[in-house]
Amino acid sequence: MTEPILSVENLSVRIAGLHILQGVSFEVAPTGVTVLLGRNGVGKTTTLRAIVGLTPRNGEVRGTVRMGARSLLARPTHRLVRDGLGYVPEDRCVFAGLTVTENLRLAERRGTTPAYDKVYALFPELDRRGRQRAGSLSGGQQQMLAIGRVLLNDNRLLLIDEPTKGLAPKVVTEVAEVLERVGESVPVLLVEQNLAVVRRLAEDAVVLSAGRVAWTGDAHDLLLETALTKSLLGVGAEVKVSARSEPGPRAPQSRTKGGAA
Amino acid sequence: GSPQDTASGGGDAAPVKVGLVYSQSGPLASYGKQYIEGFKAGLDFATKGTGKVGDRKIELTEVDDAGDPAKAVSAAKDLIGKGTKIIAGSTSSGVALQVAPIAAQNKVLFISGPAATDAVTGANKYTFRSGRQSYQDVVTAKSFIGDAAGKKVVVFAQDGAFGDANEAAVKAVIGGAGATVSSVRAPASATECTPFASQIKAAKPDLLFVAWAGTTAPAMWQTLDQQGVLSSTTVVTGLDIRASWPTFGAAGSKISFLSHYFDGASDTEAAKAAKAKIPGGTLDLFHPDGFAAAQMVVRAVQEGGDDVDKMIKALEGWQFDGVKGKMTIRAEDHALLQPMYQAKLSGSGTAFTAAAQKTLTGDESAPPVAQMKG
Amino acid sequence: MSTVILLTLTGLGLAALYFLVASGLSLVFGLADVLNFAHGLFLGVGAYATWWAAGNLPGAGPDGLGFLVAVAFGVLAGAVVAVLVELVLIRPLYSRTIEQVLVTVGLSLAGVALLQATWGADARPFPRPGWTRDVTSVLGAQVPNAGLLLIVAAAVVLGALLAFLRFTRYGLIIRAGVENREMVTALGIDVRKAFTLVFAIGGAAAALAGALGSVYFGTVSPGQGGSLLIFAFIVVVIGGMGSVVGSAYAAVAVGLLQQFVNYYGTSGLGDLCVVGLLAVVLLLRPQGLAGKVAHA
Amino acid sequence: MTEVKSPEVAAPPAAVPDELTPGHAHWHGLRPYAPLVALVVAAIVPYSTVNLPGIFEGPLNSPGTLQLLAICLVFGGLAAGYDLLFGRTGMLSFGHALYFAAGVYGTDVLVTRAGLPLWQAALLTVTGGTILAALLGAVALRTVGIAFAMVTLAFAQVGAILVARDFGGLTGGEEGLPLDVSGLPAALVGVTNTVNLYWLALAYLALVVLVVHRVSGSPTGRVLAGLRDDERRIGVLGLDPYRFKLVAFTLAGGLATAGGVVYCLIVGGASPHVTSSELTLSLLVMVVLGGPGTRWGPVLGGILYMYLDHRLTAFGSSDAVNNLPAVLSHPLSQPLFVLGTVFILAVYFFPGGLASLRARLHPLLAAVRRR
Amino acid sequence: MLATRGLTWRIGEVAIVDSVYLDLAPGEFLGVIGPNGAGKTSLFNLITGLRRPTEGRILLDGADVTELPPHRRARLGLGRTFQASSVFGSLTVRENVRLAVQAHRGGSMKLWRRAAADREVAAAADAALDRVGLAHRGTALAGTLAHGEKRKLEIALLLAGEPRVMLLDEPMAGVSAEDVPELVSVIRSLTGDSGRSVLMVEHHMDVILELADRIAVMHHGALLACDTPDTVMANATVQEAYLGESL
Ligand SMILES: Nc1ncnc2c1ncn2[C@@H]1O[C@H](COP(=O)(O)OP(=O)(O)OP(=O)(O)O)[C@@H](O)[C@H]1O
Ligand SMILES: Nc1ncnc2c1ncn2[C@@H]1O[C@H](COP(=O)(O)OP(=O)(O)OP(=O)(O)O)[C@@H](O)[C@H]1O
Ligand SMILES: [Mg+2]
Ligand SMILES: [Mg+2]
């Protein structure tokens, strides 16, 4: 295997006395999408935030995180980001008081030409609502803005936390397509609950459980093997279909009520 | 110990405790500084350098009230609780007014300092004053217009008790002598005085009496000057401490000042002694108040020992030679009758000098007798 | 008629003074979200530094070019102090708004006391060019030159601040930073630098207000800043927190209201009217005249 | 109508109300009795002749010390009452001094100018102050956040201007109004009776702590804590935010007025200091110094603040300071310089206030105990 | 039970919610779908009173509630969850739910009673926490919960209020795959024979399809369709504007 773009070794995070990550190690391949999976509260977000240096002040981070040869933990967030680490936070964090355009302008980075056409092509809604305050956008529109902000620039690595949450099925498909294309040139570390998206994008997978890595390997292996999926993600084959996959017109079997409970 | 215990005064050779509650910090700190310098000089003078009355040492306890009556009251209670029978000080009127009742409640002597409010006079039988009061200022102001009958006088003052007192005094003193008195009042916080200057100018007074305190004074004078008020009428105001003189700027030489005291206003024995004793050797507005307070303390101890009633007896009606000249403590209301001065500033820029134009004797500037309240 | 002109122009002078004080306050409050009670201290620093420079700094003096140098020195001193305050005191407390307010309260107490300890409680005459003491006759009204100077300075400051907000990215960065500092850094921006810059500008504006205010008053004293601050706060709030233009409108409204009511009504009514105006504006439009938009 | 969003004030660095969380196990059953013990100790302080040189001027039972303690206790109570607004409900009022001042001036004017007996004056004043708080609160609470802070400030400023204007000679303007003690019960007059004032102050403090404690532990207190976090959510849960905020505001106003009555008796008069907006600011400082939303934090903060405020004047003029080189002694002899510096340091070194000290020292104590 | 009559909300010229007529029968489960920005959350805001409509009426049990403030509507039995979790961050999880229970049991001013002593409230709160599977997090501060946990707390707050009409705004967003079936069953148990009605916005079609009796489709603020799931899913416009191509 080629050199990983990002390697996390023995990452350990304590916040307010709670040992949230307890020695997490994994690597992100230099191409394609690596997904970080796990149930609510296992520490996925905490992992991403530790990598970009956004652990709350009362928290304590141990371990090493390296991007190429460079160690990341000691460097301030804005430096990391300027060096090409893009981050899309889980709760969107658009600047509510600023307009959509201002939100995007803020994301422009010195030295690169912002790819507005790419962003607007993906989310025409953002172009149309340029002068609207981001706070009054609908939930899904805010999510688009958050993703758009990071796509504006050239990045060396993207950390994306639940990008499809709150998006309409059609947009989920579109975002998945974009990420797939992005993944071809820029490696992505993705946290995602939507297994359909995971299935489509992921090459490698890391599964967290209670602050530790429970499994790493090829994402397709993980998703193919029902037993594994069930034990690691708690998702059985039937449930997967009825509760998670993106239904289309061709998913009539799930429409029977009470099918899965 | 029981909660109602208080320490009692000591025997004969025990030191006499005197509490000085005044502003060491806060906005009136410079007044306080002059007061205490004057007090120490006065004590030296009255005890002939011994610091003792008979064989009893005068033991001073100085407490800073920072201009806050609540702190002053606490300090007074503390001192009284420790057996102090004489309290002096009070740089600000608010402090004087709140400490006076405490003195009366606890039957100790209180000698108010620079506080100018008329209300201290006659406040109660335990309260005396070692400085001048607003009324005496106003009487001095009146002396600038000679015969008041038919004259038009305007009072220009800030809102509040100080302004009220001055306005009332002018109405009583100058109005009582036949002048028509009106007033122009400004909010205490006013920084822009043009409207008031216009009003004054429109009124065309024969005499303008200005009672103004605080840091906005220089701007106020400049405005009066710019709007031509100073050149069109006689303007009288009180002469503040020396450090403030340069702030009059060009207006300084156009104003007629009534003065409580300035260096050179008198040439008494006491003034010489005070000059020799105080740091810097230049007397200022409130040195005489501290000096007189010390003289009164020594007199009270001499005649009264530890008996406050005897102290009061000894002080009432007492005449003495203070820095300003002949001083009389009027028995009826404890007003301190004292000389007052008319002054003029000359020079300019930062180098003003003051010269006395006329001296009013204590009787000439005497306030009417106040009813003793308690 | 000349009375009305006189009142209007001096009222505008007063408004200009309020605006000069309020502009820095409004900038720091609106952008950095710090209710800066130490603004009065910056004012004092500017005034005392100018005063000191005029007497001691080579090349500076009370007149002509020397006066400009002195004022420039004062403004610089204000900016430097503000930067230090931001770096040392405010920065470690970011996102803890209330504690920041408290630190500025502590600072205003300690700072003013320090000025007082160094230069005494009494007012000192302020060095200023002779022409600022004179008056200019405008249609029969004798308008003080110092007031006119304030009006000119306020207009210049207003223009400069608007240009800063409109033509640089800093306004944007800081507004975003107030909402969510972390996220701004996550976009690759050093938000701390921007905050320091805003403090520097706020401090410089305050110092300028201190220096020119002292020209107007003719004196400098430690407590001067504090008494202006209350009205500056009112101006900032009426104008809409953080809106520089709003502050300008509000300053004019407050200045003229005070001036005219004080002349035609009884004294003290002017202040009550201003407070009343504040209450009414807030009850009808809680976001102030212009709302929270820092660019206009 | 569109909803107007006003710039929010950040909620105070709040703690969960003690009252709503179960006590720590290792305190066992003792914890509920701690306040009672503290109260008893405080009540018998005046019987002690212990001398604490440097801390107080005289022995504990001397009038000066008791007077100082009484003032501190009143402000402890005042801060606790203010915390009901600020720490527990998240309302930043800049006008709390108004209700305190209403208590001080109300009592003083009714006793001195109208000649009413003390109990009538006190009753009228507290009622009046509470009604005033209810009325002004009803108006001010139409706004939120900074706008609310500023409207309350404006109301308080009107109060300050009225007092300074001295209408009809009622208030004595900037000189203040000494209390006419001739009609007062003899037990409250004179230096030897300072102890009674001390007990009065202690009773006031106990009353405020009890009220604040009960209220924050009550169902209403739970709603107030919720309001601090998310007012909209409270509305959607079916509770009227306005009503609850008004109750908190009125209650806090009433408590402050009662504090004013006690303070007026202790100080023996009223002076315009109590109307200043600085007083509200110092209340805020007290609360944050102590720890907002905690039971004892604001009380301790208030006591400590007032203690420093009074004692620093003595510190500034002490020999220890005067003998320092001028660079140090000049600033140090300015009480406000020291006070301001103390705040700044406190904000840094006790984030979360004095009340968080125990938690921060806990590991240390535990280590010591294990020895 | 709940009905809207020509409900419209305009900002300037733009109609965010455009003349919506909805009828929710007792016990009915109505799913609401639509592209992002269609106005679903805005519709909820209008119904719960956080926004005032420019036109139209809202009827609850036949009574006009258009002018009532949010808390009055809540007292009439209208409850909701928020799309962006909105919980009391500085209170513990348990206190959050107790507050909701207490609000439901009569919010009259009780200043002197001890809140912690009310066992009924505590029991009801614990039951609600249990149902969403958060019982083990009871003492954590709500502000520190992970995203998915906050979503569950939102639902617990709703349950605690025992509303008769429930508005759920994307309850599944961010909930991990494993917990979805569990929450689905919790939500299903809300309706049925209890006579309670639910209005639920959700982008997870399978969840909607599983739960909803009828589905309303919103587009550009207007109601495009409101019909049985099968009819709606077969609608070409819905296919094109909302579902797009399946992954
Ligand atoms: N500031 C904090 N203080 C205390 N605990 C925290 C804090 N932030 C996170 N936690 C805890 O850390 C754990 C992991 O949180 P994290 O947000 O990383 O989970 P997650 O895997 O992203 O979950 P989700 O899928 O719900 O987003 C949770 O139990 C959460 O309560
Ligand atoms: N103040 C406003 N000014 C302009 N447009 C607004 C304003 N408030 C809301 N909108 C627009 O109204 C539309 C409806 O928003 P709403 O939040 O109701 O959408 P939604 O259907 O809930 O979408 P989502 O599924 O993404 O949450 C959005 O397009 C939003 O941008
Ligand atoms: Mg997460
Ligand atoms: Mg929505």
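Within region A:177-201, being open to solvent by 20 Å² or more (accessible area, probe 1.4 Å) and within 10 Å of chain E (Cβ to nearest Cβ) holds for A:E177, A:R199, A:R200.
Screening E:G89, E:G56, E:G79 for residues that are assigned to a strand (DSSP E or B), within 11 Å of chain D (Cβ to nearest Cβ) and more than 16 Å from ligand 4 (Cβ to nearest atom) leaves exactly one candidate, E:G79.
Within region B:161-177, residues that are within 14 Å of chain D (Cβ to nearest Cβ) sit with their Cβ atoms under 6 Å from residues that are open to solvent by less than 10 Å² (accessible area, probe 1.4 Å) and assigned to a helix (DSSP H, G or I), at 6+ positions apart or across chains, in these pairs: B:A161/D:G173; B:A165/B:S134; B:N166/B:S134.
Residues in region E:15-45 that are of a type outside the set (D, E), open to solvent by 40 Å² or more (accessible area, probe 1.4 Å) and more than 8 Å from ligand 2 (Cβ to nearest atom): E:S19, E:Y21, E:A25, E:P26.
Find the residue count for region B:120-151, including only residues that are hydroxyl-bearing (S, T, Y), within 16 Å of the chain's Cα centre (by Cα) and open to solvent by 10 Å² or more (accessible area, probe 1.4 Å).
Within region B:120-151, residues that are hydroxyl-bearing (S, T, Y), within 16 Å of the chain's Cα centre (by Cα) and open to solvent by 10 Å² or more (accessible area, probe 1.4 Å) number 1.
Count of region D:161-194 residues, restricted to those that are at negative phi, open to solvent by less than 50 Å² (accessible area, probe 1.4 Å), facing another protein chain (nearest Cβ under 7 Å) and part of a helix (DSSP H, G or I), is 6. Please find, within region D:209-258, the residue that is farthest from the chain's Cα centre (by Cα) out of those that are in a helix (DSSP H, G or I) and among the acidic types (D, E). Among them, the one singled out is D:E231.
Has region C:92-103 got any residue that is assigned to a helix (DSSP H, G or I) and either more than 10 Å from chain D (Cβ to nearest Cβ) or of a type in the set (G, A, S) (or both)? No, that holds for no residue.
Among the listed residues C:L269, C:L228, C:L284, which satisfies the condition of being in contact with a helix residue (DSSP H, G or I) (Cβ under 6 Å, 6 or more places away or on another chain) and surrounded by fewer than 19 Cβ atoms within 10 Å (Cβ to Cβ)? Quick ask: steps written out before the conclusion?
Numbers: C:L228 fails: surrounded by fewer than 19 Cβ atoms within 10 Å (Cβ to Cβ); C:L284 fails: in contact with a helix residue (DSSP H, G or I) (Cβ under 6 Å, 6 or more places away or on another chain).
Going through C:L269, C:L228, C:L284 in turn, just one is in contact with a helix residue (DSSP H, G or I) (Cβ under 6 Å, 6 or more places away or on another chain) and surrounded by fewer than 19 Cβ atoms within 10 Å (Cβ to Cβ): C:L269.
Only one entry in E:D169, E:D206 is within 9 Å of chain A (Cβ to nearest Cβ), surrounded by 18 or more Cβ atoms within 10 Å (Cβ to Cβ) and at pLDDT 90 or above, namely E:D169. What number of residues within region C:204-241 satisfy the criterion of being within 11 Å of another protein chain (Cβ to nearest Cβ) and more than 20 Å from C:L283 (Cβ to Cβ)? Count: 17. Number of residues in region E:135-157 that are open to solvent by less than 10 Å² (accessible area, probe 1.4 Å) and more than 16 Å from ligand 3 (Cβ to nearest atom) equals 4.
Do we find that A:A146 is closer than 21 Å to A:T77 by Cα and either within 16 Å of ligand 4 (Cβ to nearest atom) or touching a Ser or Thr at 6+ places or on another chain (Cβ under 6 Å) (or both) in this structure? Steps first, answer last, please.
Numbers: closer than 21 Å to A:T77 by Cα: yes; either within 16 Å of ligand 4 (Cβ to nearest atom) or touching a Ser or Thr at 6+ places or on another chain (Cβ under 6 Å) (or both): yes.
Taking the combined requirement at face value, the residue satisfies it.
Can you report the number of residues in region A:70-104 which are facing another protein chain (nearest Cβ under 7 Å), under 19 Å from A:Y116 (Cα atoms) and open to solvent by less than 30 Å² (accessible area, probe 1.4 Å)? Here the count works out to 5.
Of the helices (runs of 4 or more DSSP H) lying entirely inside region E:147-246, those carrying at least 2 residues that are among the hydrophobic types (A, V, I, L, M, F, W, C) and touching a Pro at 6+ places or on another chain (Cβ under 8 Å) are E:180-190, E:205-211, E:229-234. The condition (being farther than 30 Å from E:G34 by Cα, crowded, with 24+ Cβ neighbours inside 10 Å and more than 16 Å from ligand 3 (Cβ to nearest atom)) is satisfied by just one residue among E:R105, E:R119, E:R98: E:R98. Taking A:G59 as the residue in question, decide whether it is over 18 Å from the mean Cα position of the chain (by Cα), surrounded by fewer than 19 Cβ atoms within 10 Å (Cβ to Cβ), of a type in the set (G, A, S) and away from ligand 2 (no atom under 16 Å from the Cβ). Spelling it out, A:G59 is indeed over 18 Å from the mean Cα position of the chain (by Cα), surrounded by fewer than 19 Cβ atoms within 10 Å (Cβ to Cβ), of a type in the set (G, A, S) and away from ligand 2 (no atom under 16 Å from the Cβ).
Would you mention how many residues in region E:97-120 are closer than 16 Å to D:L237 by Cβ and within 8 Å of chain D (Cβ to nearest Cβ)?
Of the residues in that region, 10 qualify.
Taking region C:1-46 as the range and being more than 14 Å from chain B (Cβ to nearest Cβ), in a helix (DSSP H, G or I) and of a type in the set (S, T, N, Q) as the test, the residues that pass are C:S23, C:S26.
The lone criterion from (1) touching a residue at least 60 places away in the same chain (Cβ under 8 Å); (2) away from ligand 1 (no atom under 16 Å from the Cβ) left unmet by A:H19 is number (2).
Residues checked against (1) more than 26 Å from A:R39 (Cα to Cα); (2) within 16 Å of ligand 1 (Cβ to nearest atom):
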| residue | (1), (2) |
| --- | --- |
| A:R133 | yes, no |
| A:Q142 | no, no |
| A:A146 | no, yes |
| A:N153 | yes, no |
| A:L158 | no, no |
| A:P169 | no, no |
| A:V172 | no, no |
| A:E184 | yes, no |
| A:V191 | no, yes |
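Can you say whether D:P292 is closer than 26 Å to D:F350 by Cα and assigned to a helix (DSSP H, G or I), as far as the supplied structure shows? Considered against the rule, which asks whether it is closer than 26 Å to D:F350 by Cα and assigned to a helix (DSSP H, G or I), D:P292 comes out as no.
Quick check on this structure: which one of D:V104, D:V158 is in contact (Cβ under 8 Å) with a residue 60 or more places away in the chain and assigned to a helix (DSSP H, G or I)? Spell out the reasoning first.
On the way: D:V158 fails: in contact (Cβ under 8 Å) with a residue 60 or more places away in the chain.
Checking each option against the conditions leaves just D:V104.
Looking at (1) crowded, with 23+ Cβ neighbours inside 10 Å; (2) more than 16 Å from ligand 4 (Cβ to nearest atom); (3) within 24 Å of A:T173 (Cα to Cα), can you tell me which one E:S197 breaks? (3) is the only condition that E:S197 fails. Residue pairs whose Cβ atoms lie under 7 Å apart, separated by 6 or more positions or on different chains, with the first residue in region A:155-180 and at positive phi and the second acidic (D, E) and within 15 Å of ligand 4 (Cβ to nearest atom), are A:G166/E:E170.
The selection criterion, being more than 24 Å from D:P178 (Cα to Cα), touching a Ser or Thr at 6+ places or on another chain (Cβ under 6 Å) and open to solvent by 20 Å² or more (accessible area, probe 1.4 Å), holds for D:A134. Sort out which residues of region A:35-69 are more than 12 Å from chain E (Cβ to nearest Cβ) and more than 16 Å from ligand 3 (Cβ to nearest atom), and write them in order of number. Correct list: A:G53, A:R57, A:E60, A:V61, A:R62, A:G63, A:T64, A:V65, A:R66, A:M67, A:G68, A:A69.
The values are calculated or read from the model by the stated rules, or taken from the named source; none is laboratory data. This structure is a prediction, so every number in the text was calculated from the model and none was measured. Positions of Cβ are backbone-derived with ideal geometry, glycine not excepted, and every protein chain shown enters the neighbour counts. Accessible surface is based on the protein model in full, side chains and every heavy atom, while ligands, DNA and RNA are left aside. Shrake-Rupley method; radii C 1.70, N 1.55, O 1.52, S 1.80 Å.
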